[in-house]
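I have placed the structure first, in the form of structure tokens, so that the comments after it can refer back to it.
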Amino acid sequence: MQLQDIKHIALLGAGLMGHGIAQIFANKGYSVSLLDVKSEILERAVQNIRNNLTLLAQKGIGIIEDIESTLERIRITQHLKEALSDAQFVIEAVSEDLDLKQTLFREMDGICSQDTILTTNTSAIRIAEIAEKARNRERIVGTHFWNPPYLIPPRGSYQG
């Protein structure tokens with residue numbers, strides 16, 4: 001897969017980091033699926049993104065007229081298969097819970113096509129541990145966004 005092949009990004013976890021990461025990609029023109037298990041977290045995430053974009057525009061960093069089109073590129077869902085259905089790149093940003101992360105990556109490995117890139121935004125858990133229960137561990141990559149992600153550039157690493 002080439003960078004230009006990536007059109008849709010799935011973001012798993014809409015909390016503290018997830019909504020900000022979704023904002024980055026939607027603002028850059030990507031279609032984004034934002035998944036969380038709680039509808040209230042998804043609703044709050046969309047409002048937080050709107051507030052972030054508005055503040056950035058007021059500070060001269062963004063354009064107020066671009067806010068709605070950025071938000072339109074974000075599709076919220078509570079269903080994993082829906083979030084992953086057409087994603088070429090996935091970022092997991094759920095709680096720092098090893099069992100939860102391992103379960104998600106095992107499920108993603110079974111749902112996503114072989115060339116879908118799977119990443120985790122973990123800050124404390126080794127990537128090899130997260131990938132342990134997945135069949136195709138070699139495609140699981142670590143990346144780390146700092147808070148707030150829409151202001152601080154990410155750092156990436158690979159630990160297959």
(1) surrounded by 15 or more Cβ atoms within 10 Å (Cβ to Cβ); (2) farther than 16 Å from residue 143 by Cβ all hold for residue 89 apart from (2)
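Condition check ((1) under 20 Å from residue 86 (Cβ atoms); (2) among the polar types (S, T, N, Q); (3) touching a strand residue (DSSP E or B) at 6+ places or on another chain (Cβ under 9 Å)) across all residues:
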residue	(1), (2), (3)
34	yes, no, yes
40	no, no, no
47	no, yes, no
50	no, no, no
54	no, yes, no
58	no, yes, no
61	no, no, no
73	yes, no, yes
Which count do you get for residues in the stretch 117-126 that are more than 13 Å from the chain's Cα centre (by Cα) and buried (at least 21 other Cβ atoms within 10 Å of the Cβ)? 0
Which one of these is farther than 18 Å from residue 8 by Cα and touching a helix residue (DSSP H, G or I) at 6+ places or on another chain (Cβ under 6 Å): 125, 140, 111? 125
Can you confirm whether the stretch 33-43 contains a residue that is over 15 Å from residue 150 (Cβ atoms), open to solvent by 70 Å² or more (accessible area, probe 1.4 Å), of a type in the set (Lys, Arg) and out of contact with any helix residue (DSSP H, G or I) (no Cβ under 8 Å at 6 or more places or on another chain)? yes
Near pairs, Cβ below 6 angstrom, 6+ apart or cross-chain, from the stretch 13-27 (farther than 20 Å from residue 108 by Cα) to any residue that is hydroxyl-bearing (Ser, Thr, Tyr) and open to solvent by less than 10 Å² (accessible area, probe 1.4 Å): 26/70; 27/70
Looking at the stretch 56-78, can you tell me whether even one residue there is surrounded by fewer than 22 Cβ atoms within 10 Å (Cβ to Cβ), under 16 Å from residue 148 (Cα atoms) and touching a Phe, Trp or Tyr at 6+ places or on another chain (Cβ under 8 Å)? yes
Go through the stretch 44-55 and report how many residues are exposed (fewer than 14 other Cβ atoms within 10 Å of the Cβ) and either in contact (Cβ under 8 Å) with a residue 60 or more places away in the chain or of a type in the set (A, V, I, L, M, F, W, C) (or both). 1
Is at least one residue of the stretch 102-113 part of a helix (DSSP H, G or I) and either touching a Phe, Trp or Tyr at 6+ places or on another chain (Cβ under 7 Å) or among the hydroxyl-bearing types (Ser, Thr, Tyr) (or both)? yes
Within the stretch 117-146, which residues are in contact with a strand residue (DSSP E or B) (Cβ under 7 Å, 6 or more places away or on another chain), in contact (Cβ under 8 Å) with a residue 40 or more places away in the chain and part of a loop (DSSP other than H, G, I, E, B)? 121
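The values are calculated or read from the model by the stated rules, or taken from the named source; none is laboratory data. In this text, all values refer to a predicted model and were calculated from it rather than measured experimentally. Backbone-built Cβ (ideal geometry, glycine too); neighbour counts: all protein chains shown. For accessibility, only protein heavy atoms count, side chains too; no ligands or nucleic acids. Shrake-Rupley method; radii C 1.70, N 1.55, O 1.52, S 1.80 Å.
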